[in-house]
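Enquirer: Attaching a single structure in structure tokens format; questions to follow.
Rule-based calculations on the coordinates, nothing more; no lab input. No experiment lies behind these values; they were computed from the predicted model shown. Note that we place each Cβ from the backbone using ideal geometry, even for glycine, and neighbour counts take in every protein chain shown.
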Amino acid sequence: MCGGFHCSKNALAALNILYILVAFIMIGVAAYGRAMAMVTSVSIIGGIIASGVFLLFIAIIGLVGAVKHHQVLLFFYMVILFLLFIIQFSISCACLAFSTTYKEQLLKFGWNHSATATRADTQKAFNCCGLYNSTSADPKDPVCTSLPCAKDSSPANCPSCMQKLLPTLGTALRVSGGVGLFFSFTEIVGVWLAVRFRNQKDPRANPSAFL
């Protein structure tokens, strides 16, 4: 079992290097998911991105604290990392728990508050027409006659954007939530390792320097 000072130090340093990689993965996956759901404003996915940025910052603190065996840095590291675990776990569970009805409400809200140019970009990207149908009376809805799905300039042949966006949003939430949930449990390991390492004595240090 890894119980020595140097082993704990190396393990904590390696774990924080892993956290740095995890932070970039979380930011990248959540940002991709948010970009794919073009008309939605899913703040909860933004929460995953924020957690990734915060984890990156905390990992750097933990790495410095592990290398220098800095008591104050290690204390703040383990406290903040535990709080981050609670926040990230909650956000990830919320991402995975969204019902289809709530996803539809998110898409409807995003569509109603998006500009005509955004709706046109969405229709072009997903080859769809209108949120629910091509005969919408909303003046902000762009025309669909130039879309590939509008055969013979007939938008009625195009699927609704709700049909195309709903699976995309569901995938974005599942991937973002799954990645965040999986890696949140590693943060508990980081807290435990930091507590253990902080209470260990550096054999090369002056005994009077140990707090």
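Enquirer: Give the lysines reachable from Lys124 as a straight Cα distance under 25 Å; neighbours fewer than 8 places away on the same chain don't count.
Expert: Hits, sequence-local ones excluded: Lys103, Lys108, Lys140, Lys151, Lys164.
Enquirer: For the range 112-175, what is the per residue volume of the convex hull drawn over the alpha-carbon atoms, in cubic angstrom?
Expert: Dividing the Cα hull volume of the range 112-175 by its residues yields 81 Å³.
Enquirer: Viscosity 1.306 mPa s, temperature 10 °C: give me the Stokes-Einstein translational D for the range 90-148 in µm²/s, with Rh taken as the Kirkwood radius over C-alpha pairs.
Expert: Translational D for this selection: 124 µm²/s.
Enquirer: Would you list Trp192, Trp111 from fewest to most Cβ contacts within 10 Å?
Expert: Values: Trp192 12, Trp111 24.
Ranked by crowding around the Cβ, least crowded first: Trp192, Trp111.
Enquirer: If I take R0 = 35 Å and measure r between the Cβ atoms of Asp121 and Val64 in this structure, what FRET efficiency does the formula 1/(1 + (r/R0)^6) give, to the nearest 0.05?
Expert: 0.20
Enquirer: Provide the FRET efficiency to the nearest 0.05 for the Asn133-Arg174 pair, computing r from the beta carbons and using R0 = 35 Å.
Expert: 0.80
Enquirer: Let me ask you something else. Between Ile25 and Ile86, what is 0.36 nm times their sequence separation minus the Cα-Cα distance? Round to one decimal in nm.
Expert: Value of the extension gain: 20.0 nm.
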